[in-house]
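This report concerns only the one structure given below.
Just so it is clear, none of the values below were taken in a lab; they were calculated from the coordinates. None of these values were measured; they are calculated from a predicted model. In this analysis, Cβ positions are derived from the backbone assuming ideal geometry, glycine residues included, and neighbour counts consider all displayed protein chains.
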Amino acid sequence: MNLLFICSRNLWRSPTAEAIYKNHGFVQARSAGTANSASIKVSTKLLNWADLVFVMEKKHRQQLQQRFPEIYHQKQIVVLDIPDEFQFMDEELIQMIENSVNPFLPEFNQTL
């Protein structure tokens, strides 16, 4: 399963989520940002690659809908409601991501 995590600048939240899930055999994880200043910008290619898209805030989902309308309606996009107030790999951020994402990954729950 290919998971794409999206935040604004691809600095803290989405790279943390990518780091959490990238080393599991049944999950491929990538991250991107919606801002022009993002280290990796969300693209048609990344969205097409993803089986499931997680965005940190509702505004990210709205930006995807505006920029990629043809892909938006084909993808399951989950809003995690995680505010931009955490550093990379912050313990609380990790816990919030796992609590929100794991229910969508039955395979992951079986390996715990």
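Side notes on the structure shown:
- Spatial extent of the chain: Rg and Dmax, with the Cα atoms as the point set, Å: 12.9, 38
- Loop-located GluC sites (Glu not before Pro) in region 1-92, at most 11 other Cβ atoms within 10 Å (DSSP): GLU85
- Least to most buried among THR44, THR34 (fewest other Cβ within 10 Å first): THR44, THR34
- Among HIS24, LEU64, LEU3 - extreme Cα towards positive end, dipole of the chain, charges at beta-carbon: LEU64
- For the chain, size of Cβ-based charge dipole, Lys and Arg +1, Asp and Glu -1, in debye: 580
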